[in-house]
Amino acid sequence: MAENHLFIDCPACGTANRVRVDRLDVTAKCGRCRAALTGKPLYSKAPVDVAAVEFDPLVRRSSVPILVDFWAVWCAPCRQQAPILEQLANDLAGRIIIAKVDADQAGLLASRFAVQAIPTLVLLRSGLEVDRITGLTSAQVLLQRIERYL
Ligand SMILES: [Zn+2]
């Protein structure tokens, strides 16, 4: 299942802080010791649901590549792609963030990336597209394509 939060480890006390995607722009402090979490890496062991307004803050904030999954509720291959991405998010936690974007709800974002078919997987590094894969893709092929960017 996709989540609506990521984690940031506190540099002072080591606590894993849950940070909601829609609050990424807010200056975060550790829930336990109040140390600043600004600039510390985000990570997640699960794909993260990202709404259109949350997309740019996440891209700005992430120090690791982001694999954006443009999907839709009615898309059968997207449903098959989902568990593959869940596994990948778990295996590559801390090295990549997998962001799920509902192409129907975030139409402008899908247009911005010229998404013609779904699922489309767009790999961003430092905010720039470095690779793109369209259609249902196996874990093995996905890994081969993204490995060099991790
Ligand atoms: Zn702390």
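From a point 7 Å beyond the Cα of N4 in the direction of its Cβ, which residues of region 51-90 have a backbone N at a distance under 13 Å? Correct set: 51-52, 54. If both residues of a DSSP beta bridge must be in the chain, then about 65% of such bridges are antiparallel. Taking θ as phi - 60° and the Karplus parameters 6.51, -1.76 and 1.60, the scalar couplings of region 66-74 work out to 10, 9, 8, 9, 7, 9, 8, 4, 7 Hz in sequence order, x denoting glycine and proline.
Taken one residue at a time, the phi angles of region 80-87 give Karplus couplings (6.51, -1.76, 1.60, θ = phi - 60°) of 6, 6, 4, x, 5, 6, 5, 5 Hz. Gly and Pro are set to x. Summarising the amide proton neighbourhood of D9: residues at separation of 5 or more, or on other chains, whose placed amide H is nearer than 5 Å comprise N17. Between R132 and L123, the built amide H atoms are under 5 Å apart, and every one of these is 5 or more places off in sequence or on another chain.
Taking each residue as 0.36 nm, the span from R132 to Q87 lengthens on full extension beyond its C-alpha to C-alpha distance by 14.3 nm.
The packing ranking of peptides 52-59, 67-74, highest mean first, is 67-74, 52-59, where packing means the average number of other beta carbon atoms within 10 angstrom of each residue.
Each Cα pair of the chain feeds into the Kirkwood radius, which the Stokes-Einstein equation turns, at 37 °C and 0.692 mPa s, into a diffusion coefficient of 211 µm²/s.
Scalar couplings 3J(HN,Hα) for region 133-150, obtained by applying the Karplus form with A = 6.51, B = -1.76, C = 1.60 to θ = phi - 60°, are 10, 10, x, 4, 10, 5, 4, 4, 5, 4, 4, 4, 6, 9, 3, 5, 9, 7 Hz; x denotes Gly and Pro. Here the convex hull built on the C-alpha positions of region 72-150 has a volume of 90 cubic angstrom per residue.
Dipole of region 33-150 computed with +1 at Lys/Arg Cβ and -1 at Asp/Glu Cβ about the Cα centre; of V101, V73, L128, farthest Cα towards the positive end is L128.
Each value in this text was obtained by applying a stated rule to the coordinates, not by laboratory testing. Only a predicted model underlies this, so the values are computations on that prediction, with no experimental measurement involved. Here Cβ is always computed from backbone atoms with ideal geometry, including for glycine, and neighbour counts include all displayed protein chains.
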